[in-house]
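> I'd like to ask some things about the structure below.
Taken together, the values in this text are just the output of simple stated rules run on the coordinates, not laboratory data. Since this is a predicted model, take the numbers as computed values, not measurements. Positions of Cβ are generated from backbone atoms using ideal geometry, with glycine treated the same way; all protein chains shown enter the neighbour counts.
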């Protein structure tokens, strides 16, 4: 029975273009829709897999505006059984603030008898790219943390996790409870089923206030890098351009 | 003082760590000549003298080599504990590392332990009081100005944002061995085994001089023959877009992008890749980009240096044929 808490963040979709809010404090997602990061999608998948394999449970948590319910319902439809939303303006919360808030929920749930064996997060959020919330959370909770893992199996109270390094695969074996941050690549996130969506609708999301006033991230402002004017030189159309391409490769000295 | 966590590989100090040392040097100069200390951890892949000389040439005054049983295999908290001790001992006001997986992880541990903020993937700084850094967010599509008002200032430097040039006035670095005491709690999450794989993993992709890319335009798992052959002919690696790995056409370690590898080859040849921001985050450091795409308006084409418009399945085999013909 492994009870897993998985943390996700509502972020703007940003695959084609990025627009900033007027106060330059956030990415404006109003016209592009919202999602969670690919790393977090894999973390949710792992949470559900581990819960299923050990007859435990998966709970999903987010800190953000009320609209983050959309992302929580998304995870519920995939097999998480409970959800908590710390309702707050996430742009005011730095990574240390977010870690403290998650830790506060873990402690509050513990007092009601709900404990977590494993807390999963994405390796880095798709928008703020802080690379630290999971690690800070581990220090808040006094737990070990494994970073950047792509697969996790749990057996006999021990987490076996694997992380891809540049020259091979590194294995960790860590007793639970523990924290792990997940990198995309080890598991394929499932799609929601109709049954999953129906079950999600029956779950009442627990709403919480932030436990403390945030310190903030030190953000002064966001800027967009100046757009680079297109300088592309078209070498030609279709296979007839092959000669020009090989001329280019030769001039760069990359043909052997 | 400034402390730089330095990583090593088979060639000595990694390129991205040398870039970080160059960043530290610029910061040191701005501060009126602050001394730079480097920390390297564990067994060294090349002789210690080589690393000492390399770091000295790049302006490091002292190299602290951390060893001991606790450092026989990687543990992020143990590395951070050693760094924390060195920062305290030297009274350092800045601790930095490369924006690599290890660098980001160890400095996040350090920041959590010391109770200060950490800025990941910094590309520049402006002024020391207040100390404001600019860093990459949203996979590099957006820049954030962030104030680091506490000391030590802890941050990592984004790869390829600085050039790894030797110092104009090289130092003769002193070598110091250290064997810090590490608490058992800092060794709970530790690498217990490592399976070293063949040369075709993402390691070679990240350092390849030529990368041939393929995206949705490949059409199917069977659509990579031309791309594979072109990479082979040029002695390069194949890199793919996320959609290709999501569809299961190619393995994840070939993925280039925000959640894959970041590459910086002499030439990147993306075939049938439209160029989403997440993909661009991984290939923007390529020196030359030659896009092959049916859509002349695709972001990958408009951002490229060169382009050929048309079907990759016709163009790539023609290029391969032309390369063979000229041999």
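> Looking at B:218, B:189 in this structure, which one is in contact with a helix residue (DSSP H, G or I) (Cβ under 7 Å, 6 or more places away or on another chain) and at the interface with another protein chain (Cβ under 7 Å from one of its Cβ atoms)?
B:189
> With the condition being facing another protein chain (nearest Cβ under 8 Å) and in contact (Cβ under 8 Å) with a residue 12 or more places away in the chain, I'd like the strands (runs of 3 or more DSSP E) fully within the stretch A:92-181 carrying at least 1 qualifying residues.
A:145-149, A:158-165, A:168-175
> Restrict the check to the stretch A:28-50 and report whether at least one residue is assigned to a strand (DSSP E or B), on the phi < 0 side of the Ramachandran plot and within 14 Å of another protein chain (Cβ to nearest Cβ).
yes
> So residue B:135 passes all but one of these: (1) more than 9 Å from chain A (Cβ to nearest Cβ); (2) under 18 Å from residue B:262 (Cβ atoms); (3) assigned to a strand (DSSP E or B). Which condition number does it fail?
(1)
> Now, a different point. Of the residues A:216, A:185, A:243, which is closer than 27 Å to residue B:230 by Cα and in a loop (DSSP other than H, G, I, E, B)?
Exactly one of A:216, A:185, A:243 is closer than 27 Å to residue B:230 by Cα and in a loop (DSSP other than H, G, I, E, B), namely A:185.
> Starting from residues that are under 21 Å from the mean Cα position of the chain (by Cα) and part of a strand (DSSP E or B), keep the ones in the stretch B:147-165 and report whichever is nearest to residue A:140 (Cα to Cα).
Only one residue fits best here, namely B:154.
> Taking the stretch A:51-70 on its own, how many of its residues are surrounded by 23 or more Cβ atoms within 10 Å (Cβ to Cβ) and part of a helix (DSSP H, G or I)?
2
> Still on this model: I'm trying to understand the selection: among the residues of the stretch B:286-309, which are in a loop (DSSP other than H, G, I, E, B), closer than 22 Å to residue B:232 by Cα and facing another protein chain (nearest Cβ under 9 Å)?
B:287
> Restricting the search to the stretch B:242-262, which residues are touching a helix residue (DSSP H, G or I) at 6+ places or on another chain (Cβ under 6 Å) and away from chain A (no Cβ under 11 Å)?
Result: B:250, B:256, B:262.
Results for (1) farther than 22 Å from residue B:143 by Cα; (2) surrounded by 20 or more Cβ atoms within 10 Å (Cβ to Cβ), shown as yes or no for each residue.
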{"position": "B:240", "(1), (2)": "yes, yes"}
{"position": "B:244", "(1), (2)": "yes, yes"}
{"position": "B:275", "(1), (2)": "no, yes"}
{"position": "B:305", "(1), (2)": "yes, no"}
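> Across the stretch B:113-132, which residue is surrounded by the fewest Cβ atoms within 10 Å (Cβ to Cβ) among those that are in contact with a strand residue (DSSP E or B) (Cβ under 8 Å, 6 or more places away or on another chain) and outside any strand (DSSP E or B)?
The qualifying residue surrounded by the fewest Cβ atoms within 10 Å (Cβ to Cβ) is B:130.
> A further question follows. Hey, does the stretch A:224-241 have a residue that's more than 8 Å from chain B (Cβ to nearest Cβ), in contact with a helix residue (DSSP H, G or I) (Cβ under 6 Å, 6 or more places away or on another chain) and surrounded by 15 or more Cβ atoms within 10 Å (Cβ to Cβ)?
No, the conditions are met nowhere in the stretch A:224-241.
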